[in-house]
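The values are calculated or read from the model by the stated rules, or taken from the named source; none is laboratory data. Remember, it's a predicted structure, so these values are computed and weren't measured experimentally. Reconstructed Cβ throughout: ideal geometry from the backbone, glycine too, with neighbour counts over all protein chains shown. The area values use the complete protein model at the heavy-atom level, side chains included, leaving out ligands, DNA and RNA. Shrake-Rupley method; radii C 1.70, N 1.55, O 1.52, S 1.80 Å.
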2 protein chains.
Amino acid sequence: MEKHQKRYFLTEEEIPTQWYNIQADMVNKPLPPINPATKQPLKVEDLYPVFAEELCRQELDQEHAWIDIPEEVRDMYKYYRSTPLVRAYGLEKALGTPAHIYFKNESVSPVGSHKLNSALAQAYYCKQQGITNVTTETGAGQWGAALSYAAKAFGLEAAVYQVKISYNQKPYRRSIMQTYGAQVTASPSMSTRAGKDILTRDPNNQGSLGTAISEAIELALNTPNCRYTLGSVLSHVTLHQTIIGLEAEKQMQKAGEYPDIVIGCFGGGSNFGGISFPFMRHNIKEGRTTRFIAAEPASCPKLTRGVFQYDFGDVAGYTPLLPMYTLGHNFMPANIHAGGLRYHGAGVIVSQLLKDGMMEAVDIRQLESFEAGMLFSRAEGIIPAPESCHAIAAAIQEAKKCIATGEEKVILFNLSGHGLIDMAAYDQYLSGSLQDYVVTDEDVQRNISQLEKVL
Amino acid sequence: MEKHQKRYFLTEEEIPTQWYNIQADMVNKPLPPINPATKQPLKVEDLYPVFAEELCRQELDQEHAWIDIPEEVRDMYKYYRSTPLVRAYGLEKALGTPAHIYFKNESVSPVGSHKLNSALAQAYYCKQQGITNVTTETGAGQWGAALSYAAKAFGLEAAVYQVKISYNQKPYRRSIMQTYGAQVTASPSMSTRAGKDILTRDPNNQGSLGTAISEAIELALNTPNCRYTLGSVLSHVTLHQTIIGLEAEKQMQKAGEYPDIVIGCFGGGSNFGGISFPFMRHNIKEGRTTRFIAAEPASCPKLTRGVFQYDFGDVAGYTPLLPMYTLGHNFMPANIHAGGLRYHGAGVIVSQLLKDGMMEAVDIRQLESFEAGMLFSRAEGIIPAPESCHAIAAAIQEAKKCIATGEEKVILFNLSGHGLIDMAAYDQYLSGSLQDYVVTDEDVQRNISQLEKVL
């Protein structure tokens, strides 16, 4: 029998002790976020009412390339890290490709995805500052589950606004959050001004990440000793996720290889940046030529078809204005199963890197993503999250090119999470009822043209 | 912050190369299975039409204490093993116990439970013998998912009969099996004589493991080049699961401790035997006094309230007669969420060991099991399978005794699987609608009295 897989691990001592802040090494730094009230660049203190202070400092830090991981966070990381780096012999064989395919398996975390890497850090900094309550939003529920567990681990109360359509369609993830002790509310709700405004206009509104963010920020601002937390998009979240790429770099050394191509699925950018940035620093500093590919859904194509412009991160306009690739903060993505990729904008670091040609983006249709997920499941035994299926599809595209050229390229992708809570999606695929959604040019233009008025 | 967890691993080289066959060391060997047609002790060849030949030999082997794990199976084990041995500091703190609590985390396998340990072995031996198709039964679907993946990994076709009530109530596990490429049929079905007989008598019959076993055996017997596989009860299945306890023994050495108490939940006995037997050999051979506790549901109490007697393993009477603790093969367990524990009998090895006082059993009510699962989820971050909740509840009972006595006992239990596909059960618990089911003495007596007529 041929080899199915080979896994590479780190010892506890080899687990990285610092996160990597690519902002310090970028040739063109991200443009500053703008305070919408003053139209001035945002100061660290402007963020203090919303986030724990250390997270605000990390968000705007363009000086320090390396940030120490607090001992308490590293202790918690050790409970599920290092995550395996896997040589995917089974997938290579199924494709008949000469490419060497590796994936970093973040699905082994207790909550089933990479989201815990930042949830633990954010909960820790809140706790350290004497905060007692945290709020957040969640779509399909991966981030909400991670924050709920992290809050419990550090003794904080958690309130989660879950996008209503997911709250009703995916009761399992809601139950997971509740099992960890969080209070979960369907968004839009009547508990915030932002939610009430939307429900008054549109009583049947099924919610969006942008709306849930508005509600969670509003609750944090109106609750004593409470702060908001976010699962992606922001630079400090991506910073925490660099543990993925830093581990992968050491593990690739153990495998005796270095990636020619690094791939991550793309919602707000934290899992893509997490696996990519540690490798990208060698492109920046040593002239390596590794390619970095963000795989986004064809139904929410901000990187491939959006504009680079200042925009709000949420629907109600509570966030600072961020310089990002965006489809407009009012863009309503189709209801694809990859709920974590249904976000209108990209983080400021990735946006600058894409503008500067340091990385690429590809859009993947829903059917192609699940076709890739099915192939991967049968070849590797792990059923991937619908989000991760996008990264797998992009990896398969590159591996197929190698069949044509005969090149033994080394492809690394991030398996951001498992799909065990998303089996209804696989069921639709298996029964032939799953659909593709592609945004029309008119939709893109209408939303982007509205955007002009923001600044 | 106090420690939450500490994990112990083995290197690839330290992963055991042999399974442990306790039959060779038992003072009183299990009584022989009886061929119901001849009323004579079963010969190895009698089993050949049903199971792969090597599995038949393993089933009745009372001579060899150590069986080599085939290299191909060990290669697949390396993809998810060693599984972590975890010191559960979080749970100890939540209980305030001086006990040292460890758990072996089998939930990290790609299919989410320990079942894969035997599925890979069974699929391998079938493949090696030139078999092309395998059949099996499954309740909640843990075993069916494992066999589906193992069959795919070794290039076999798999047909799974799933108990109808689970097929309809737990569509996620069915989708998992289908994603791995298996054909899944709700049992009782019209595709077998056994199924037809039941449906003719009772068109609304919701199925049972005993019925699904009958259907899967019948399909195997009537299909060329096909064999049946079983997920628990049988001695060769438990043999494969001893990888759990053999790893745990080495990992406990790394932790510098040895268990005073070993606990597993109990359906047919494979996960309990898997973690217990390697430690039990030191009781047998070196006079150690470790206690072994099987945690069964109060709704299916064959160990605590059944009789030791020859009985069939299935409803239709296709299996040999087995000397087992049983509630009678017609016993219909209540519809508890721990579907994997809803079986009327216990494997022949465990039955003999219980009779000989080498181990104990405790029955756990459904509500207590989920209370334990909730506490564990919040303390350790992993949501346990409803089956595993029974082991946790028994471990908590023992840990609480240590609070009273002040003893620092070392308690080890097997976390056989995660509960991510069982969140509907947690939702019921959280909403207060979960029920206890306890069998009446009348029910037990009625089934056992019918049993007298078997031989």
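Among beta bridges from DSSP that stay inside the protein assembly as shown, the antiparallel ones total about 40%. Per residue, the protein assembly as shown exposes 33 Å² of accessible surface when a 1.4 Å probe is rolled over the protein heavy atoms with every protein chain present. Normalised by the number of residues in the range B:1-103, the mean separation of alpha-carbon contacts (under 8 Å, six or more apart) gives a relative contact order of 41 percent. Each other copy holds its own label point for A:Gly130; taking that point as 7 Å from Cα along Cα to Cβ, the gaps run 7.9 nm, nearest first. Distances from A:Lys29 to itself in the other copies, using label points 7 Å out along the Cα-Cβ axis, amount to 8.0 nm in increasing order. Between chain A and chain B, the total buried accessible area stands at approximately 4000 Å², from heavy atoms with a 1.4 Å probe.
Could you grab the relative contact order for the range A:116-230? Cα pairs under 8 Å, six or more apart, rounded to a whole percent. After rounding, I find 31 percent. Phi angles of the range B:339-355 translate, via the Karplus equation with coefficients 6.51, -1.76, 1.60 and θ = phi - 60°, into HN-Hα couplings of x, x, 9, 8, 9, 6, x, 10, x, 5, 5, 4, 4, 5, 5, 5, 4 Hz per residue; Gly and Pro are given as x.
For the range B:20-34, backbone phi angles converted through the Karplus equation (6.51, -1.76, 1.60; θ = phi - 60°) give residue-by-residue couplings of 9, 9, 5, 3, 5, 9, 5, 5, 9, 5, x, 5, x, x, 10 Hz, Gly and Pro being listed as x. The region of chain B that goes longest without hitting one of the trypsin sites (Lys or Arg not before Pro) in a DSSP loop, each with at most 12 other Cβ atoms within 10 Å, is B:40-452. Compared with the dominant principal axis of the Cα atoms in chain B, helix B:235-255 is inclined by about 10°. What percent does the relative contact order of chain B come to when contacts are Cα pairs within less than 8 Å and at least six residues apart? For chain B, the relative contact order is 19 percent.
The aspartates and glutamates within cross-link reach of B:Lys29, meaning a Cα-to-Cα straight distance under 19 Å and a gap of 8 or more places when in the same chain, are B:Glu59, B:Asp61, B:Glu63, B:Glu286, B:Asp311, B:Asp356, B:Glu360. With helices as the sole contributors, chain B gives -12500 deg cm²/dmol at 222 nm; each DSSP H run of n ≥ 4 counts as -39500 (n - 2.57), and the sum is divided by every residue. Ordering A:Ser377, B:Ser433 by accessible surface, largest first, gives B:Ser433, A:Ser377; the 1.4 Å probe counts only protein heavy atoms, with every chain in place. If R0 is taken as 35 Å, the Cβ-Cβ distance between B:Asp436 and B:Thr289 corresponds to a FRET efficiency of 0.55. Cross-link reach is defined here as a Cα-Cα straight distance under 22 Å, omitting same-chain residues fewer than 8 places apart; for B:Lys401 the lysines meeting it are B:Lys93, B:Lys104, B:Lys409. Taking label points 7 Å from Cα along the Cα-to-Cβ direction, B:Gln62 and A:Ala404 give a separation of 6.6 nm. A crude spin-label estimate for the pair B:Gln128 and B:Ala334, with each label 7 Å from Cα along the Cβ direction, gives 4.4 nm.
Taking the DSSP beta bridges with both ends in chain A, the antiparallel portion is around 40 percent. Backbone amide hydrogens, once placed in the peptide plane, bring A:Met324 within less than 5 Å of A:Gln309, A:Tyr310, A:Asp311, excluding anything fewer than 5 places away on its chain. Amide hydrogen proximity for B:Ala385: with H placed 1.01 Å from N in the peptide plane, the residues at 5 or more positions away or on another chain lying under 5 Å are B:Gly417, B:His418, B:Gly419. Taking all protein chains as shown and a probe of 1.4 angstrom, B:Asp197 keeps an accessible surface of around 70 Å².
Largest accessible area first, the listed residues B:Asp443, B:Asp314 line up as B:Asp443, B:Asp314 when surface is computed with a 1.4 Å probe on the assembled protein chains.
In nanometers and ordered shortest first, the copy-to-copy spacing of the A:Leu367 label point, defined 7 Å from Cα toward Cβ, is 5.2. Across the range A:155-171, coupling constants 3J(HN,Hα) worked out from phi with the 6.51/-1.76/1.60 Karplus curve, θ = phi - 60°, read x, 10, 7, 10, 10, 10, 8, 9, 3, 4, 5, 6, 3, 7, 7, 10, x Hz, and Gly and Pro carry x. Amide H contacts for A:Phe292 (H built 1.01 Å from N in the peptide plane; partners 5 or more residues away or on another chain; cut-off under 5 Å): A:Val262, A:Glu360.
With a 1.4 Å probe on protein heavy atoms only, tell me which residues of the range B:421-448 lose at least 10 Å² of accessible surface in the complex relative to the chain by itself. Going by heavy-atom accessible area, the residues of the range B:421-448 that drop by at least 10 Å² are B:Ile421, B:Met423, B:Ala424, B:Asp427, B:Leu430. Computed in the context of the full set of protein chains, the accessible area of the range A:116-230 at 1.4 Å probe radius has 47% of its extent on carbon or sulfur.
Chain A comes nearest to the axis taking it onto chain B at the Cβ of one residue; that residue and its distance, in whole Å, are A:Leu420, 2.
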